[in-house]
Amino acid sequence: MNEVYRNISLVFEIENSIKFIKRGLGEVQKITSSNDFYHPALQFLSSGLERLFKTMLCLNFKEKNNRLPTYKELLKGNNGHDIEYLKKEVEKICIPITRPFASMDYDIITKDEIINLICKTLSEYGQKSRYFNLDAILGKEQEFDAVDAWEKIETKMLIEHMGKKEFYKKIQDPKLLDSLYKKSNELIISRLELFLRAITRQFIFGNFSSDSKTFLSEIEPFRDIDNKEIGKIDYRF
């Protein structure tokens, strides 16, 4: 295939990955007590992160080999929708950033428990949980319920935020459910924004690719988020 076309496609794919992620965050913000349709959020976020991770790995392969990889070279026999695997590979090409404003970036990329739970949920969704109910209809073994896993992440973050006693007190009051959903959405999006800011800063300050800085306009929605904006941006459209 024409190498010029392959490199142009890389630009489009990074741009698309950011668009998918933004749409996914918007779908998270739409979740309420009366709208528990999580599939759009899971679909957009899983696709967006998968694309972003793969493009970073493609850029790193090109840095080392002076060419873009083939499908087999990129995935090394792993499932193409395995976001957990892709994230671990991306972790290997990220570095701690010495700038004071980015001193915590590496930890959230490599060690954050919530981000790892989100990536596991999205990974399972992308590989097999997209058709959870259809599998039940067809009598196929259901191995992972991504919606249930996402709801457990919501609960975990709310308990960490307000404490177990306060959480169980509020969850029993139907009038407070929407405020709980709003807060859990904000907490999840805040953590994802911190992660995405850290990942996109690698394009600027990292060393995984000498070409990475050419994609600054594509990654702009997350690379420059100010701390005071974290959790406050409305992605719904």
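The values are calculated or read from the model by the stated rules, or taken from the named source; none is laboratory data. What you are looking at is a predicted structure, and each value in this text was computed from that prediction instead of being measured. Neighbour counts are summed over all protein chains in view; Cβ atoms, including those assigned to glycine, are modelled from backbone coordinates with ideal geometry.
Worth a mention:
- For F20, the conditions (1) surrounded by 21 or more Cβ atoms within 10 Å (Cβ to Cβ); (2) among the hydrophobic types (A, V, I, L, M, F, W, C); (3) touching a Gly at 6+ places or on another chain (Cβ under 9 Å) are fulfilled apart from (1).
- Flag for C58 being touching an Asp or Glu at 6+ places or on another chain (Cβ under 7 Å), part of a helix (DSSP H, G or I) and modelled with pLDDT of 95 or more: no
- Checking S190, S123 one by one, the residue that is assigned to a helix (DSSP H, G or I) and touching an Asp or Glu at 6+ places or on another chain (Cβ under 7 Å) is S123 and no other.
- The set of residues from the range 80-111 being of a type in the set (S, T, N, Q) and either surrounded by 14 or more Cβ atoms within 10 Å (Cβ to Cβ) or part of a helix (DSSP H, G or I) (or both) comprises just one member, T110.
- Residue in the range 41-53 that is out of contact with any helix residue (DSSP H, G or I) (no Cβ under 8 Å at 6 or more places or on another chain) and either surrounded by fewer than 17 Cβ atoms within 10 Å (Cβ to Cβ) or in a helix (DSSP H, G or I) (or both) present: no
- In the range 163-189, residue nearest to I114 (Cα to Cα) [restricted to those that are loosely packed, with under 15 Cβ neighbours inside 10 Å and not charged (D, E, K, R)]: G163
- Top-ranked residue of the range 212-235 - restricted to ones that are over 10 Å from R197 (Cβ atoms) and among the polar types (S, T, N, Q), ranked as surrounded by the most Cβ atoms within 10 Å (Cβ to Cβ): S212
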